[in-house]
Amino acid sequence: TGAHKDAVMSVVMAADCIYTASRDKTLKRWKVNVAGTGKFELQPELEVPLGDVCWCLISAGDWLFCGLGDGTIKGFMKSGQQTVLNGHTKRVSCLMTHQHVLLSGASDGSVRCWQMNQHTTTFECTHSISEGVSSSVQALAVLGEGLWVGGTSGVALVELATLKVVKQLDPRKFVAGLLQFDGHMIVVYADGSICIFDGLGALKHQQPALPAGPVLCIAGLESGPRVLCGHAKGQISSITLPSFVLKKHWQALERCKVQTLCTAGHDGIYVLGAENGTVQLWQRDASVDQ
């Protein structure tokens, strides 16, 4: 479906709807219907102008947060309440939650921690981590007692207890995505190469670039389970876990980048957001070993 006028940068799947954010500076909400043919259809329900490009989305409790190009984070509730989190000075590239704390990573080379002030019902920045974060932040993930910060020049390991960078992990390359699995961290780099580290940051597995080439986004699929990688040339790669064997890669889009992937967490369903503004809803066929 031609969901947006420009690239779909982020997708969130909620219990009853799908949210998409785009380079066209809008946020949209979609209702998922099942057509008579058995295929899924997306019906537009709501469109919100954001005033800037949205680079990432996260659903956190009753809130939906949008990380914007100017460094602000906009929050929306279904009740209509809105908030703006000011602190970053450049594009907010990634958002995640950990123990009721909202974490944001940005191109200004910092990670910020946000918590709601119950008295003022506003979100306040409680900590900022920049020392030892040597590059633009692209991805965040938590494993054990560590916050993994993937940037344009590798991964920095932050100790959650002190919020200090305790380790820099080689290779110092552009990180496309982080995925925690079975006590390990899978790091996929933009050139398509992959490293797997244990919880302390020790390298356990390394492999060269995937056949489909450069990677823009990754997601974990519970069916299989699989790691899905979205590629710059419109392909998706499917890698088995825990054996880490590339099962297949296929052309999902013609002459167009796979900008973002989002998995539903059930029934092998996932959504692909494309550079040309289209959104595709996929489902893995568990009866076929792929």
Could you tell me what % of all Cα pairs in the stretch 157-201 have separations over 16 Å?
42
Would you list which lysines come within 18 Å of LYS31, measuring only between C-alpha atoms, while excluding same-chain residues fewer than 8 positions from it?
LYS39, LYS78
Dividing the convex hull volume of the alpha carbon atoms of the stretch 1-43 by its residue count, what do you get in Å³ per residue?
68
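Using just the alpha carbons, could you tell me how many Å³ per residue the convex hull of the chain encloses? Please list the in-between numbers first.
Details: hull volume 36.1 nm³, N = 290.
Value for the chain: 124 Å³ per residue.
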Out of the trypsin sites (Lys or Arg not before Pro) in the stretch 10-105, which ones are loop residues according to DSSP with at most 16 other C-beta atoms within 10 Å?
LYS39, LYS78, LYS90
Positive end of the dipole of the chain, charges at C-beta (+1 Lys, Arg; -1 Asp, Glu), about the Cα centre: which of ILE194, TRP114, THR97 has its Cα farthest in that direction?
ILE194
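At 25 °C and a viscosity of 0.890 mPa s, what translational diffusion coefficient does Stokes-Einstein give for the stretch 137-290, taking Rh as the Kirkwood radius over Cα pairs? Give it in µm²/s as a whole number. If you can, show how the numbers build up before the last one.
Values: Rh = 15.7 Å.
The diffusion coefficient I find is 156 µm²/s.
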Volume per residue that the Cα convex hull of the stretch 248-290 spans, once the total is divided by residue count, Å³
73
Run the Debye formula on the Cα coordinates of the stretch 65-132, all scatterers equal and no solvent, and tell me log10 I(q)/I(0) at q = 0.14, 0.16, 0.18, 0.21 1/Å.
-0.38, -0.50, -0.63, -0.85
With N set to the number of residues, divide the alpha-carbon radius of gyration of the stretch 182-252 by 2.2 N^0.38 Å and report two decimals.
1.05
Using only the alpha carbons of the stretch 1-101, determine the length spanned along each of the three principal axes and report them from longest to shortest in whole angstroms.
48, 31, 23
Answer with one residue from VAL155, MET13, ALA232: the one whose Cα lies farthest towards the positive end of the charge dipole of the chain, charges on Cβ with Lys, Arg +1 and Asp, Glu -1.
ALA232
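Sorting check: for 172-183, 131-142, 236-247, which peptide has the highest mean count of neighbouring beta carbons within 10 Å, and how do the rest follow? Don't skip to the end; give the middle numbers.
Numbers: 172-183: 18.2, 131-142: 19.7, 236-247: 15.9.
Descending packing order for the listed peptides: 131-142, 172-183, 236-247.
No value in this document is a laboratory result; all are computed from the given coordinates. What you see is a predicted model; the values in this text were computed from it and never measured. Reconstructed Cβ throughout: ideal geometry from the backbone, glycine too, with neighbour counts over all protein chains shown.
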